[in-house]
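Q: First the structure, which I've put down as structure tokens, then a few questions once you've had a look.
The values are calculated or read from the model by the stated rules, or taken from the named source; none is laboratory data. This is a predicted model, so every value here is computed, not measured. When we count neighbours, we look across all protein chains shown, and the Cβ atoms used for this are built from the backbone with ideal geometry, even at glycine. Accessible surface areas use protein heavy atoms only, side chains included; no ligands, DNA or RNA. Shrake-Rupley method; radii C 1.70, N 1.55, O 1.52, S 1.80 Å.
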Amino acid sequence: MIKLDLLARYLAFFNTALQHRPSPEQPFTRIYIDAFAGTGECDINMGDGLRSTIAGSAKIALDTAPAFDRLHLIDFNPKHVAELRGLVASPGDIDRVSIYHQDANEALNEIIQKTQWRSTRGVLFLDPYGMTVRWDTLQKVAATKALDVWYLFPLSAVYRQAAIDFNKVDEGKAAALDSVLGTTEWRTAFYSDSQQESFLDDGKSSARRTAGPAEITSFVHARLCEIFKGWVSAPILLPERGGPPMFALFFAVSNPAEPAVKLSKKAADHLFDMLKNQRIGKTSSGVALPSQGDFF
Ligand SMILES: C[S@@+](CC[C@H](N)C(=O)[O-])C[C@H]1O[C@@H](n2cnc3c(N)ncnc32)[C@H](O)[C@@H]1O
């Protein structure tokens with residue numbers, strides 16, 4: 001599965017690359033935050049009606065070697081939280097893992113406030129089903145200047161809320177779009193009027209959505225670039241085949257320092273090349289374990 005394969009490889013890279021930084025005597029505390037952690041297992045479709053279970057993001061992060069110093073696993077669903085608790089039964093894990101049965105935005109806010117970012121570097125995985133991640137949460141994440149973020153942006157949820165006919169975008173839908181995009185500018189960026197008058201005789205808008213997946217993805221990319229001062233990757237549209245994309249996977253670096261950007265970008269570019277050459281995500285049967293030779 002592409003998102004988990006990329007994540008697994010990046011986490012191994014991250015912990016290896018930062019193991020002795022900024023100095024071997026006093027390395028950074030390395031943390032992983034999973035804001036939509038799930039259960040630790042992921043059920044995938046293998047085609048022909050066959051299903052298989054692979055390690056989900058939380059399990060991948062727990063098993064990453066070299067290991068993270070701290071992990072924060074967040075999920076809103078009580079059953080998922082119970083399964084996550086079952087995953088971290090060993091004494092070593094109990095000490096390094098915190099589990100939050102909370103809304104992702106609230107828990108992220110709490111974690112960001114209590115972490116000493118000067119001595120910490122981390123990876124945040126945002127894998128929501130829908131438009132849950134508020135823009136103000138992303139702003140706080142970006143302001144840490146210490147988190148690398150993999151964000152599976154919910155394109156299909158945006159199409160659903162941003163109806164083709166602007167009149168069908170009710171207040172609730174508009175507020176959800178404002179929240180996930182952090183701006184009201186989507187109204188003019190996604191919609192245009194073919195009529196000379198923007199309002200029809202009955203007072204309704206004549207605007208229709210002209211932005212498709214490509215334009216919406218570019219808009220989101222530009223928005224992310226405004227707050228992530230390090231680097232934001234070009235998106236990977238998922239699924240790659242078999243219909244319109246449901247998600248746009250972005251990688252964003254919050255640390256603007258040149259050495260940090262160079263390192264993260266080099267690793268991500270290498271992963272994207274592997275993806276292009278089908279050395280990642282070739283099958284949906286599992287997550288390939290990264291080897292150090294992948295990067296170094
Ligand atoms: C796509 S799944 C995550 C899958 C997981 N990353 C994995 O690899 O197995 C999304 C998860 O987000 C949780 N969730 C939904 N809304 C949430 C919210 N507002 N805050 C935190 N978790 C939420 C769901 O319970 C679900 O477990």
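Q: Just to be sure before I move on: is Ile2 on the phi < 0 side of the Ramachandran plot, within 13 Å of the ligand (Cβ to nearest atom) and open to solvent by less than 10 Å² (accessible area, probe 1.4 Å) in the structure I sent?
A: Working: on the phi < 0 side of the Ramachandran plot: yes; within 13 Å of the ligand (Cβ to nearest atom): yes; open to solvent by less than 10 Å² (accessible area, probe 1.4 Å): no.
Criteria not met by Ile2.
Q: Scan the range 124-174 for residues that are more than 16 Å from the ligand (Cβ to nearest atom) and over 19 Å from Gly212 (Cβ atoms) and report the count.
A: Count: 13.
Q: Could you please tell me which pairs satisfy a Cβ distance under 7 Å, a separation of 6+ or placement on different chains, a first residue in the range 28-43 that is at positive phi, and a second residue that is more than 6 Å from the ligand (Cβ to nearest atom)?
A: If the second residue must be more than 6 Å from the ligand (Cβ to nearest atom), the pairs left are Gly38/Ala58; Gly40/Ala58; Gly40/Lys59; Gly40/Glu83; Gly40/Leu84; Gly40/Leu87.
Q: Please state which one of Leu7, Leu18, Leu11 is touching a Pro at 6+ places or on another chain (Cβ under 8 Å) and either under 23 Å from Ser264 (Cα atoms) or of a type outside the set (Val, Ile, Thr) (or both). Even if it seems obvious, please write down each step before you answer.
A: Values: Leu7 fails: touching a Pro at 6+ places or on another chain (Cβ under 8 Å); Leu11 fails: touching a Pro at 6+ places or on another chain (Cβ under 8 Å).
One residue alone meets the criteria, Leu18.
Q: For the range 218-255, give me each residue that is within 19 Å of Gly182 (Cα to Cα) and acidic (Asp, Glu).
A: Within the range 218-255, just Glu226 meets the criteria.
Q: For a quick check of your reading: which strands (runs of 3 or more DSSP E) sit entirely within the range 161-269 and have at least 3 residues that are in contact with a Ser or Thr (Cβ under 9 Å, 6 or more places away or on another chain)?
A: Details: elements: 191-193, 207-209, 236-238, 247-253.
Counting at least 3 such residues, we get 191-193, 207-209, 247-253.
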